[in-house]
Amino acid sequence: MTRYVAAIDQGTTSTRCALVDRHGRIAALRRREHEQITPRPGWVEHDPAEILANTLEVTDAALRDAGASAADIAAVGIANQRETTVVWDRDSGEPLANAIVWQDTRTAGLVRSLAGEAGTDRLRERTGLPLSTYFSGPKISWLLDALAGARARARAQAGELAFGTIDSWLAFKLTGVHATDPTNASRTLLMDLATLEWHEPSLDLIGVPRAILPEIRPSSQLIAPVCRGALSERPVAGILADQQAALFGQTCFRAGEAKCTYGTGSFLLVNTGERPVRAAALLTSVAYQLGGSAPSYVLEGSVAVTGGLVQWLRDNLGIIDAASEIEELAAGVPDNGGVHIVPAFAGLFAPHWRDDARGVIVGLSGHTRRGHLARAALEATAWQVRDVVEAVQSATGSPIAELRVDGGMTANDLAMQIQADVLGVRVLRPVVSETTVLGAAFAAGLAVGFWSGLEELRELWAADRRFEPTADRAAIERARDRWRDALERSFGLA
């Protein structure tokens with residue numbers, strides 16, 4: 001009997017492989033970083049060959065650590081950094097250039113041209129997304145023009161080239177099948193949210209040949225067996241974009257259930273069920289699709305700087321030596337001393353979308369101490385997440401009853417208590433914090449019967465700690481007014 005599902009989590013800075021057992025616990029986890037290539041300001045690239053090599057290395061190492069072989073693996077799931085774009089030769093399998101990473105802004109001019117007088121929302125009704133450098137479609141078009149222009153486009157139209165986000169790249173190299181899932185396809189600006197098929201008017205507008213695109217398959221469905229490396233002959237059976245994988249790993253399967261991942265920035269996703277909900281301040285994507293079932297959709301709000309503010313206090317101001325020190329320092333004062341920090345270092349994301357905003361610290365006085373800055377930093381994360389939650393509740397017409405959280409910053413108990421107080425809802429931190437790898441494993445395991453269904457997965461989830469709101473609501477709302485004042489002072493400073 002097989003003992004594990006292997007989950008590959010290919011992220012922005014590293015590639016990981018975890019072996020997940022039937023109880024939803026991680027038996028082994030290996031990680032390897034890859035190079036961040038920045039040839040020009042605003043350009044961020046990865047080497048697809050390095051990512052593939054690291055994937056093969058960490059899967060082999062995870063099996064060794066667990067004393068397992070391929071025969072112990074029921075299925076393989078893939079979670080991946082979203083929007084990062086690879087173009088390769090379909091016959092040789094070799095990438096034609098480095099991958100363009102989701103953070104890359106080289107397509108800004110192209111995006112402005114595509115928006116034209118119709119504006120950045122011209123594709124939102126069908127794709128759920130605004131025209132932006134963030135998404136894959138413009139990156140594909142830019143790459144085809146950069147790769148010998150007309151010749152590359154002719155090859156793409158003839159089906160000689162293939163495009164993929166990192167999930168497709170790994171699936172192709174591991175199995176030979178050119179496929180993706182709706183969670184990744186819905187982040188390209190090229191997929192119709194209603195049909196889960198490539199949207200021809202979007203392809204025509206952005207300039208992406210249909211023949212270059214992968215087949216869109218359900219997030220949980222048998223794709224093909226692995227044909228290389230330590231996982232040879234085991235089936236790839238699940239694909240999820242990383243934030244959707246975290247939602248799935250948190251078992252947020254019902255409409256209204258939400259998770260927030262706290263890293264350098266934060267990503268709040270709310271399951272909206274079988275109905276896509278569109279909101280000007282938020283992004284609409286597919287949450288997941290199980291084989292043979294209708295898709296579930298998600299509303300998403302991204303916050304640019306949360307944990308990154310703690311890093312800034314450490315690296316730029318030197319008020320702490322390690323990120324872990326922020327909790328003790330902030331706990332040493334009863335409040336923020338009137339200080340608010342808005343970390344709009346390069347603008348604000350959801351729900352404000354102000355690229356003219358810049359960071360501000362307001363309320364400084366002779367009384368201000370390091371602890372006040374530390375506490376203001378933790379509160380800045382909580383207030384920014386509340387702004388997104390309010391936008392979600394306005395769009396859906398329903399309150400969020402509780403928030404499941406993951407990511408490195410959730411180890412900070414004070415930060416999570418502040419978050420519960422600011423939101424006025426329960427915040428739940430899971431026992432297994434590696435929710436992205438769990439989501440990839442759950443999707444693959446469901447497809448091959450390793451787990452029986454969503455209800456069994458729900459039973460596997462357990463809370464490590466529950467943070468209940470305890471602060472006086474009137475005091476929180478007064479603090480809310482002061483946060484809004486500080487926020488507005490950041491506008492127009494660029």
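The values are calculated or read from the model by the stated rules, or taken from the named source; none is laboratory data. Small disclaimer: the values here were computed from a predicted structure and weren't measured. Cβ placement follows ideal geometry from the backbone for every residue including glycine, while neighbour counts extend to all protein chains displayed. Heads up: the accessible areas ignore ligands, DNA and RNA and are worked out on the full protein's heavy atoms, side chains in. Shrake-Rupley method; radii C 1.70, N 1.55, O 1.52, S 1.80 Å.
Listing for the model above:
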| quantity | calculated |
| --- | --- |
| Scope region 35-62; condition within 16 Å of W169 (Cα to Cα) and of a type outside the set (V, I, T); matching residues | E45, H46, D47, P48, A49, E50, L52, A53, N54, L56 |
| Which listed residue is buried (at least 24 other Cβ atoms within 10 Å of the Cβ) and in contact with a Lys or Arg (Cβ under 8 Å, 6 or more places away or on another chain), from I223, I140 | I223 |
| Search result, residues across region 183-202 that are surrounded by fewer than 24 Cβ atoms within 10 Å (Cβ to Cβ) and touching a residue at least 40 places away in the same chain (Cβ under 8 Å) | D192, L193, A194, L196, H199, P201, S202 |
| Strands (runs of 3 or more DSSP E) wholly inside region 1-99 that include at least 3 residues being crowded, with 24+ Cβ neighbours inside 10 Å | 4-10, 14-20, 73-80, 85-89 |
| Filter result for L438 (outside any loop (DSSP other than H, G, I, E, B) and either within 22 Å of the chain's Cα centre (by Cα) or surrounded by fewer than 15 Cβ atoms within 10 Å (Cβ to Cβ) (or both)) | yes |
| Residue selected from region 145-182 under the condition closer than 12 Å to I212 by Cα, touching a residue at least 40 places away in the same chain (Cβ under 8 Å) and among the hydrophobic types (A, V, I, L, M, F, W, C), by the criterion surrounded by the fewest Cβ atoms within 10 Å (Cβ to Cβ) | A158 |
| Test for S136: is it in contact (Cβ under 8 Å) with a residue 40 or more places away in the chain, closer than 18 Å to Q81 by Cα and not acidic (D, E) | yes |
| Filter result (open to solvent by 10 Å² or more (accessible area, probe 1.4 Å) and assigned to a strand (DSSP E or B)) within region 258-272 | T261, F267, T272 |
| Flag if R466 is in a helix (DSSP H, G or I) and surrounded by fewer than 19 Cβ atoms within 10 Å (Cβ to Cβ) | no |
| Index of the failed condition, A331 passing every other in (1) touching a residue at least 12 places away in the same chain (Cβ under 8 Å); (2) open to solvent by 20 Å² or more (accessible area, probe 1.4 Å); (3) farther than 23 Å from V427 by Cβ | (3) |
| Counted residues, region 232-257 - those being assigned to a loop (DSSP other than H, G, I, E, B), open to solvent by 10 Å² or more (accessible area, probe 1.4 Å) and not small (G, A, S) | 5 |
| Options R482, R478; residue that is surrounded by 12 or more Cβ atoms within 10 Å (Cβ to Cβ) and within 20 Å of P334 (Cα to Cα) | R482 |
| In region 100-117, residue nearest to F442 (Cα to Cα) [restricted to those that are assigned to a loop (DSSP other than H, G, I, E, B) and open to solvent by 50 Å² or more (accessible area, probe 1.4 Å)] | W102 |
| Single match in A211, A279 (criterion: outside any strand (DSSP E or B), open to solvent by less than 30 Å² (accessible area, probe 1.4 Å) and either more than 23 Å from I73 (Cα to Cα) or at pLDDT 95 or above (or both)) | A279 |
| Filtered residues of region 366-387 (kept if open to solvent by less than 60 Å² (accessible area, probe 1.4 Å) and either among the acidic types (D, E) or farther than 22 Å from N412 by Cβ (or both)) | E379, D387 |
